[in-house]
Amino acid sequence: MKASPSPSADPQMSAWLRAARETPALPPRFEQNVWRRIRDSQTSSPFTGWLDQFAAWLVKPRFAFAASAALLLVGFFLGATEGIHAARQEARTNYLAVVAPHSLR
């Protein structure tokens, strides 16, 4: 059985096929719409850009150290404040138990 020659083997036939292929026309203002959609996707939310910038700033070593030190100080002060509040509440409860022991039951 003899194999038929493939169209890609004949350069003239390939050129005719390419010329005969119809390319559809693009919609009006296609390129402008593409660039507008790209621009809109890059500026989708003002918070996203701000958050990305803050995260990029925070991962730099000197700022990361300062941020972690600041978080440790804030945690320390919040813990101390909560501890003081709990100690005062416990002192009030103990005082009330001493002054009026039967009123708690």
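The values are calculated or read from the model by the stated rules, or taken from the named source; none is laboratory data. Source: prediction; values computed, not measured. Please note: Cβ atoms are built from the backbone with ideal geometry, for glycine as well, and neighbour counts cover all protein chains shown.
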Q.
Restricting to region 8-23, name every residue that is modelled with pLDDT of 85 or more and loosely packed, with under 10 Cβ neighbours inside 10 Å.
A. Pro11, Gln12
Q. Would you call Arg62 on the phi < 0 side of the Ramachandran plot, part of a helix (DSSP H, G or I) and exposed (fewer than 10 other Cβ atoms within 10 Å of the Cβ)?
A. yes
Q) Of the residues that sit in region 67-85 and are within 19 Å of Phe54 (Cα to Cα) and of a type in the set (Gly, Ala, Ser), which one is surrounded by the most Cβ atoms within 10 Å (Cβ to Cβ)? A) Ala67
Q | Search result, residues across region 24-59 that are outside any helix (DSSP H, G or I) and at pLDDT below 80 | A | Thr43, Ser44, Ser45
